[in-house]
């Protein structure tokens, strides 16, 4: 498995995090800290660009769902773009009806943040 790598950039009203590789327990620790910092210091509107993700552990999917809840509580959201269909299906099973939002293209996900406030405070 390829080690997780990620880079961030601002696009419109959201922070985009491009992910490459496998999201396992070890890699997720650093990634989770980055997500939390981004939510608290930059914006709760986050898009995970996952088209180059090869694996996400079920525990990490559950944590991502938790991050989506935190972002929503702060007036934003966490959305995934390009996540392989098999991983989406597992995420929906883990969520037990509390579905995450998945998009095929970044432009679609960005459009959903058009009505979001520029700077959301808690």
Next on the checklist: With 12 Å as the cut-off, how large is the P(r) tail for the stretch 29-69, expressed as percent of Cα-Cα pairs?
Outcome noted: 65
Item to check | Cα-Cα P(r), the chain, percent of pairs per 5 Å interval | outcome: 2, 12, 23, 27, 22, 11, 3, 0
Item to check | Estimated distance in nm for a label pair at residue 51 and residue 93, the labels positioned 7 Å out from Cα along Cα-to-Cβ | outcome: 2.7
Next on the checklist: Sequence gap at least 6, Cα distance under 8 Å: using those rules, report the relative contact order of the chain to the nearest whole percent.
Outcome noted: 25
Item to check | FRET efficiency, 1/(1 + (r/R0)^6) with R0 35 Å, evaluated for residue 104 and residue 25 via beta carbons | outcome: 0.80
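A short reminder: the numbers here are calculations on the coordinates, not readings from a lab. Because the structure is a prediction, the values reported are computed rather than measured. Heads up, the Cβs are rebuilt from the backbone with ideal geometry, glycines too, and the neighbour counts pull from every protein chain shown.
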